[in-house]
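Novice: Questions regarding the structure given below will be posed in turn.
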Amino acid sequence: MAVVDHSAFSIFRGQRLYDDEPPLNKNTNDVELHRRIHDPTPYIVVVQGPRNVGKSLLIDSLAENNLTRLGHFCSSPRVTPSTDSHRITLPVTTTSGKDILLQFVECPDDISGMIDAAKYADVAILMVDASYGFEMETFEFRNLLQVHGFPKVIGVLTHLDKVDQHKLLKVKQRLEDHFCTEICEGAKVFSLCGLEDGLYKMLEIYGLAEMLSDSQFLPLSWRAEHPYVLVDHFEDVTPERVHGHKQFNRNLSLYGYLRGSDIKKGAKVHIAGAGDFSLAGITNLDDHYCDPYPLFVVGQSYFKTGNYLRLDILDVPPEIVENFDSHHPILVGGIILEEEKSGFMLVKLRRHSWHMNLFMSGVPITISAGWRRYQTNAIYAMENENGQHQLLTRTPENKDCLAVIWGPLAPPKTRIVAVLNKFYCFKNKVAFRIMAKGVVLDFKDDTQILLEVGRIGTFVPSGKSAHIMFEPKLQIDRFAGAI
């Protein structure tokens, strides 16, 4: 079968040949804190790729490979769920002779699920259909990894049996070269040619399994400073008297391994897609491993990383239960003190060159920063030679600009990404969903912007909206509620 060059950079060839960001660099080191020795927490392996590329089959093959060689397979969760619990598909397997647990997650196709996966992945396996070529999803996820984390990246080529055998070596070399120049510099790329007994061939899977067992997946500094839990199942423990009423909020018990840093009862957490909550209770359910570190620190009662916990959270919106998807993991991220408030953030932003439209000031955009993803409005500006901010009606072409956004505060140097909202993605399925990337410069109660006419404006917050007050006063009602 002839291979057509359907690479994502070919789809957007009218704009430019390549993505506007360099490939991930395997030598980049963002590690400050190391995972402690004997930590039993599974490493999270995110398997990403377009539909029908073979993600589920790869996970099944890796699990069967370890079962065949080791004679055992661990399934998650560690605690037997009750009959009415909501189970999330997160299989766990032990690697060869290393006492390392791996927790596999099949990356969702929707942009929200991809954003969350980029935040919790310890290693990302990016799968490419060799009979078709690179697709947009691969480059979208690559951009999200650049913003939200820098895990180990491994490439896997599938459907090589559908490639003309006379061109096979040339096709493999071309795709491997593109992967290392466009996706991740120096990454290892594995090739899977056909099936054996309904799974990928064990000899081909063996190399990938060995790499997973021999690799060291060190935590990123940002994650190491924040506690987080990837939930493998949850239970709706809402009192019976309101259990059947969909309009009432729910009380949930969430189960999963604690990663990152320690956590305590009452701590503020963010449930991706649901909002911020205080932990009503925490219970240690981990008695399967001998942990040389005590569960509690004397006087402070903190729960240590590496333990399997139950998190009790009250008054959660009912949609999290009604819209439950067993293939869409729930991410619970801890919030540090400076991230609890909302306010204005000054962001250095650049529109992605593959996004066709410029951004208009005051038009809603969807932002992902830290654990959170939310919709907000933005006002764009450029800094002039006097250090003042000149208001822009729209973002400039191929140039950095400043954006003032209202939302939950993120510390300076936090990287952010703006994406298309779900409604627009549904209408325009071929649109590249990464709109822009940037970094938080500062956050303040008000920000001055110099208007084109030379008058100074100040943002004044009013609840979840804001007004721009001008000196001297002008009748510019169209800016009311801009943020």
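The values are calculated or read from the model by the stated rules, or taken from the named source; none is laboratory data. Predicted model, so just to flag it, every value in this text is computed and none were measured. Neighbour counts run over all protein chains shown; Cβ positions are idealised from the backbone, glycine included. Just so you know, the surface numbers come from the protein's heavy atoms only, side chains and all, with ligands and any DNA or RNA stripped out. Shrake-Rupley method; radii C 1.70, N 1.55, O 1.52, S 1.80 Å.
Novice: From Ile405, Ile434, Ile449, grab the single residue that is in contact with a Gly (Cβ under 6 Å, 6 or more places away or on another chain), at pLDDT 50 or above and not aromatic (Phe, Trp, Tyr).
Specialist: Numbers: Ile405 fails: in contact with a Gly (Cβ under 6 Å, 6 or more places away or on another chain); Ile434 fails: in contact with a Gly (Cβ under 6 Å, 6 or more places away or on another chain).
Going through Ile405, Ile434, Ile449 in turn, just one is in contact with a Gly (Cβ under 6 Å, 6 or more places away or on another chain), at pLDDT 50 or above and not aromatic (Phe, Trp, Tyr): Ile449.
Novice: Within the stretch 324-334, identify whether any single residue is farther than 30 Å from Arg51 by Cβ, at pLDDT 90 or above and open to solvent by 50 Å² or more (accessible area, probe 1.4 Å), and answer yes or no. Steps first, please.
Specialist: Of the residues in the stretch 324-334, the ones farther than 30 Å from Arg51 by Cβ are 334.
Filter again for at pLDDT 90 or above, leaving 334.
Pick out the ones that are also open to solvent by 50 Å² or more (accessible area, probe 1.4 Å) and you get none.
Checked the stretch 324-334: no residue is farther than 30 Å from Arg51 by Cβ, at pLDDT 90 or above and open to solvent by 50 Å² or more (accessible area, probe 1.4 Å).
Novice: Go through the stretch 95-201 and tell me which helices (runs of 4 or more DSSP H), entirely inside it, have 2 or more residues that are over 13 Å from the mean Cα position of the chain (by Cα), charged (D, E, K, R) and surrounded by fewer than 22 Cβ atoms within 10 Å (Cβ to Cβ).
Specialist: Working: elements: 111-120, 136-148, 168-178.
Passing ranges, in order: 168-178.
Novice: Additional query: What is the one condition in (1) open to solvent by 10 Å² or more (accessible area, probe 1.4 Å); (2) on the phi > 0 side of the Ramachandran plot; (3) not basic (Lys, Arg) that Gly306 does not satisfy?
Specialist: Condition (1) is where Gly306 drops out.
Novice: Working only within the stretch 303-324, note down all residues that are assigned to a strand (DSSP E or B) and touching a Lys or Arg at 6+ places or on another chain (Cβ under 6 Å). Steps first, please.
Specialist: Taking the stretch 303-324 as the starting set, the residues that turn out to be assigned to a strand (DSSP E or B) are 303, 308-316.
Once the filter is applied, which keeps residues that are assigned to a strand (DSSP E or B) and touching a Lys or Arg at 6+ places or on another chain (Cβ under 6 Å), the stretch 303-324 yields Tyr308, Val316.
Novice: May I pose another question? Any residue in the stretch 174-201 that's among the small types (Gly, Ala, Ser): show its pairings with residues that are surrounded by fewer than 16 Cβ atoms within 10 Å (Cβ to Cβ) at Cβ separation under 9 Å, as long as the two are six or more apart or on different chains.
Specialist: Qualifying pairs under 9 Å: Gly186/Asn25; Gly186/Lys26; Gly186/Asn27; Ala187/Lys26; Gly194/Asp161; Gly194/Lys201.
Novice: If you don't mind, another one. For residues that are without any contact (Cβ under 8 Å) to a residue 40 or more places away in the chain and open to solvent by less than 10 Å² (accessible area, probe 1.4 Å), tally how many sit in the stretch 367-382. Can you show your working first?
Specialist: Within the stretch 367-382, the first condition is being without any contact (Cβ under 8 Å) to a residue 40 or more places away in the chain, and the residues that meet it are 374, 380, 382.
Filter again for open to solvent by less than 10 Å² (accessible area, probe 1.4 Å), leaving 380.
Number satisfying all stated conditions: 1.
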